[in-house]
Amino acid sequence: MSTRDDQNLPGDGRRLDARTVLVTAVVVAGVAAGAAVPTTLGLAGWLGTLPAALWVLAGAVLLIGAAAGADHVRWRRTRYRVGPERVELHTGLLLVKRRSLARERVRTVDLTANPLLRVLGLVTVRIGTGEHGGDSTLELDPVTRAEGERLRRLLLERVGAGSAGGHREGELAVLDPRWIRYAPVSFVAPMLGGAAAGAVLQVSDWAGAQREVIGWIGDRLRDTPLLWTVATLVLAALVAGVVGALGLWVEMWWNYRLEREPGGTLRVRRGLFTSRSISVEEARLRGVDLVEPLGVRLFGAARLDAITTGLAKDEDTGNADHDTLLPAAPRALADRVAADVLREAATPTGAPLTAHPRAARARRLRWALAAVLAPVLVLAVLGALLTPVLLWIALGCAAAGAPLAVALALDAYRGLGHTLAGRYLVTRSGTLRRSTAALERTGVIGWTIRQSVFQRRAGLIGVTATTAAGGGAYTAYDTDASEGLAFAAEAVPGLLEPFLERVPDGP
């Protein structure tokens, strides 16, 4: 990766891998090839097929050459160095950028390799402090895999960082291919189905054949009743969504492995085509979040997320499950992995929870019915003024929506709970996305107490623990007022008491 001259001149630092120019040329060539066909067809009407193809080829060659040349300049003008106290990156030709991070503030060193980088034995290294903003991250794109591993070990090395305890190091969890059965029941499947339908219409529009595609579908369903037509289209979209969800799961989680490394680092490795390596310092771990989306929960499964400081999500990783330690897996396994991750004999996410008052159930029922009946009322008014068809639609929506709303409201109430389990406070809430968060009590930096007018009349409050880790706030919704305050006061003694009103013992 570094030349002999660079080794003799350590002040100049090291270079990125020279094959970055090849990577850029191949990527731009792929983009140019994808754009060549529609561009050629568009120009053929004016210039003829052969001249149009020659112009497109010349443009593609020029584009690839310019991109490769620019990346060659970037490679020549980029140096990085890991010193005793700072990580430095210098890059730029006319406007030289010099950026550095203090080594003691480095919290993440993540390695990513797309298929092309994997073939060449290269990785992209992203070094971050866990803070928000572009100045908190340095990216080395690309270096060899061996160099990436060296940097990861070097920068995450912490003397005495390992926590005491008898929990094993090495492998904590490994992929079970049977977990793929949870992919189709997630909310990703219907979204991917809708996206597939939209993509078909968009691509056909680009090709100028959207009318023909719609006509072909209409011919196939011409003699089918309207209800069955809608059902067929929805089923086709769902099938496409299921296939897409399965493919996305395989790409994201194949080769998954969760390990604890010596020195106190949790490492998640995963990915079929694009490999990813994500490291979480145990010193920055503040708890775990057991997440159960409705479909996954019905099959007795849950995923496990880390509640940690210094794991910022940037625009490249914000949608890549960057904080997920375990994908959707059987609930018992998720609880066991949570205990191993937290170095506890029993997981706090499985502790018995304090139930919330029945007034909390009434609030959820009222809100759920209001959410369903408000649009029904609008349709009914419009139906009375315009057409009786809207009245029938309103009746159908009420008949189908009200029972579903009640069922979800009751499920949301059953999901409410909170407790203290050893070093952790535990809160649970949600129905479409149920979350059981176990937050280290020492990680709580403040409390937020909320009580609306309606909550005051019902004797309820919302108690939110604020923290610098994870989502930043974890709430016990609609607790009994006195019980919720006692829960907060006991969880972090001395933090809330100065703000509580003392009630005299006697007259």
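The values are calculated or read from the model by the stated rules, or taken from the named source; none is laboratory data. Because the structure is a prediction, the values reported are computed rather than measured. Cβ coordinates were reconstructed from backbone atoms using ideal geometry, including for glycine residues, and neighbour counts include every protein chain displayed. Areas reflect the complete protein model, heavy atoms only, side chains present, ligands, DNA and RNA absent. Shrake-Rupley method; radii C 1.70, N 1.55, O 1.52, S 1.80 Å.
In the set (1) under 26 Å from Gly300 (Cα atoms); (2) of a type outside the set (D, E, K, R); (3) more than 25 Å from the chain's Cα centre (by Cα); (4) not in a helix (DSSP H, G or I), the condition left unmet by Leu439 is number (3).
Restricted to segment 59-102, and to residues there that are of a type in the set (D, E, K, R) and buried (at least 18 other Cβ atoms within 10 Å of the Cβ), the residue that is farthest from Leu272 (Cα to Cα) is Arg79. Taken over segment 212-245, residues that are closer than 12 Å to Ala196 by Cβ and more than 32 Å from the chain's Cα centre (by Cα) amount to 0.
The residues listed here are Ala469, Ala473; of these, the one that is modelled with pLDDT of 90 or more and either open to solvent by less than 30 Å² (accessible area, probe 1.4 Å) or closer than 30 Å to Ser186 by Cβ (or both) is Ala473.
What do you reckon, is Val337 in a helix (DSSP H, G or I) and buried (at least 18 other Cβ atoms within 10 Å of the Cβ)? Yes; evaluated as a whole, the condition is true for this residue.
Of all residues in segment 280-296 being more than 18 Å from the chain's Cα centre (by Cα) and part of a helix (DSSP H, G or I), which is nearest to Ala332 (Cα to Cα)? Checked segment 280-296; the qualifying residue nearest to Ala332 (Cα to Cα) is Glu282. Of all residues in segment 282-297, those that are touching a residue at least 12 places away in the same chain (Cβ under 8 Å) have Cβ atoms under 7 Å from Cβ atoms of residues that are open to solvent by 40 Å² or more (accessible area, probe 1.4 Å) and in a strand (DSSP E or B), 6 or more apart or on another chain, in Val291/Arg303; Val291/Arg433; Pro293/Arg433. Condition first: surrounded by 16 or more Cβ atoms within 10 Å (Cβ to Cβ) and either assigned to a helix (DSSP H, G or I) or in contact with a Lys or Arg (Cβ under 9 Å, 6 or more places away or on another chain) (or both). Now tell me which residues in segment 445-464 satisfy that. Scanning segment 445-464 gives Gln455, Ala458, Leu460, Ile461, Gly462, Val463, Thr464.
Just a yes or no: is a residue in segment 413-424 of a type in the set (A, V, I, L, M, F, W, C), touching a helix residue (DSSP H, G or I) at 6+ places or on another chain (Cβ under 7 Å) and open to solvent by 60 Å² or more (accessible area, probe 1.4 Å)? The answer is no, given that none of the residues of segment 413-424 is of a type in the set (A, V, I, L, M, F, W, C), touching a helix residue (DSSP H, G or I) at 6+ places or on another chain (Cβ under 7 Å) and open to solvent by 60 Å² or more (accessible area, probe 1.4 Å). Of all residues in segment 22-50, those satisfying the criterion of being more than 14 Å from Leu63 (Cα to Cα), of a type outside the set (A, V, I, L, M, F, W, C) and in a helix (DSSP H, G or I) are Pro38, Thr39, Thr40, Gly42, Gly45, Thr49.
Applying the criterion of being in contact (Cβ under 8 Å) with a residue 12 or more places away in the chain and open to solvent by 40 Å² or more (accessible area, probe 1.4 Å) to the residues of segment 378-394, the residue that is farthest from the chain's Cα centre (by Cα) is Leu391. Here the condition is being within 30 Å of the chain's Cα centre (by Cα) and open to solvent by 40 Å² or more (accessible area, probe 1.4 Å); of Pro352, Pro327, Pro348, it holds for Pro352 alone.
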